[in-house]
1. Can residue 108 be described as part of a helix (DSSP H, G or I) and under 25 Å from residue 6 (Cβ atoms)?
2. Report those helices (runs of 4 or more DSSP H) wholly inside segment 164-259 carrying at least 3 residues which are modelled with pLDDT of 95 or more and over 15 Å from the mean Cα position of the chain (by Cα).
3. How many of the residues in segment 118-161 are surrounded by fewer than 17 Cβ atoms within 10 Å (Cβ to Cβ) and closer than 30 Å to residue 210 by Cα?
4. Among the residues of segment 68-95, which ones are in contact (Cβ under 8 Å) with a residue 12 or more places away in the chain and within 16 Å of the ligand (Cβ to nearest atom)?
5. Taking segment 24-49 only, how many residues are in a strand (DSSP E or B) and under 20 Å from residue 102 (Cβ atoms)?
6. Could you identify the single residue in 102, 49 that is more than 26 Å from residue 152 (Cα to Cα) and surrounded by 13 or more Cβ atoms within 10 Å (Cβ to Cβ)?
7. Filtering segment 111-133 down to residues that are near the ligand (Cβ under 8 Å from one of its atoms) and in a helix (DSSP H, G or I), which residue is farthest from the chain's Cα centre (by Cα)?
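The values are calculated or read from the model by the stated rules, or taken from the named source; none is laboratory data. Here the structure is a predicted model, which is why all the values come from computation and not from measurement. Positions of Cβ are generated from backbone atoms using ideal geometry, with glycine treated the same way; all protein chains shown enter the neighbour counts.
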Ligand SMILES: N[C@@H](CCC(=O)N[C@@H](CS)C(=O)NCC(=O)O)C(=O)O
């Protein structure tokens with residue numbers, strides 16, 4: 001029997017994807033929790049497993065596999081039941097498109113939202129910037145920490161998320177799930193990000209999007225999702241996000257109105 005070890009972070013959205021997939025497959029694993037605030041992901045011994053210095057890394061029988069989207073597709077092939085992909089090629093193509101968009105566009109926006117609303121108030125947040133090895137990530141963090149929700153990057157991240165949720169609503173309202181009308185790795189990939197929006201007090205982004213609200217309720221009720229996301233979220237992080245999320249929502253709602261006004265003016269011209 002293969003031995004599974006996961007290097008992961010408690011509220012890391014990329015780690016959540018892998019934990020949900022493992023839970024859906026009923027696969028047991030050994031936990032190596034890394035404290036991202038203490039930069040444990042940048043330690044030389046971990047960089048041997050994951051040269052990018054990020055979580056997650058799955059190690060199966062001593063062999064490391066990196067990149068959360070790659071890991072969950074690997075798991076779905078390795079452990080066939082229950083299948084977590086549509087049965088038809090078009091459904092699978094759509095599933096991968098959603099996952100690609102998450103990796104390339106949405107994941108960086110999530111850090112901007114979280115840092116601008118909540119993590120800029122965390123103790124020791126300045127020291128954290130110095131440890132960051134990716135210059136683009138470091139620059140984003142500095143802007144978010146300095147300017148909070150007034151950062152130009154924050155406005156762009158909010159607009160990006162609003163567009164994403166609108167696109168998700170169209171598909172989900174018609175088909176129930178993101179790809180091929182079945183629960184798949186695409187839904188698993190996005191659920192942690194949707195949970196993060198709720199933790200940050202951004203439920204308002206779901207208003208007027210009933211398909212998305214139903215999808216969120218259905219997926220967060222899955223035992224695997226509760227186990228892999230809720231059970232790992234530390235109270236101090238949840239408190240930080242909900243307190244500062246509630247404080248900043250009135251201002252964020254106003255920015256959202258401006259962002260939507262600009263987007264509809266651009267579409268009309
Ligand atoms: N594309 C990578 C992104 C991984 C990533 O950005 N992980 C974050 C947590 S969700 C991390 O380790 N951040 C700490 C850092 O950048 O130092 C994946 O999907 O695995």
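1. Details: part of a helix (DSSP H, G or I): yes; under 25 Å from residue 6 (Cβ atoms): yes.
So residue 108 fits the description; yes.
2. Helices (runs of 4 or more DSSP H) meeting the threshold: 210-220, 223-228.
3. Residues in segment 118-161 being surrounded by fewer than 17 Cβ atoms within 10 Å (Cβ to Cβ) and closer than 30 Å to residue 210 by Cα: 3 in total.
4. Within segment 68-95, 68, 69, 71, 72, 73, 74, 75, 76, 95 qualify.
5. 0
6. Numbers: 102 fails: more than 26 Å from residue 152 (Cα to Cα).
Going through 102, 49 in turn, the sole match is 49.
7. This residue is 131.
Table: residues versus (1) within 13 Å of the ligand (Cβ to nearest atom); (2) in a helix (DSSP H, G or I); (3) farther than 22 Å from residue 96 by Cβ; (4) out of contact with any strand residue (DSSP E or B) (no Cβ under 9 Å at 6 or more places or on another chain).
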{"residue": "1", "(1), (2), (3), (4)": "no, no, yes, yes"}
{"residue": "10", "(1), (2), (3), (4)": "yes, no, yes, no"}
{"residue": "22", "(1), (2), (3), (4)": "no, yes, no, no"}
{"residue": "51", "(1), (2), (3), (4)": "yes, no, yes, no"}
{"residue": "59", "(1), (2), (3), (4)": "no, no, yes, no"}
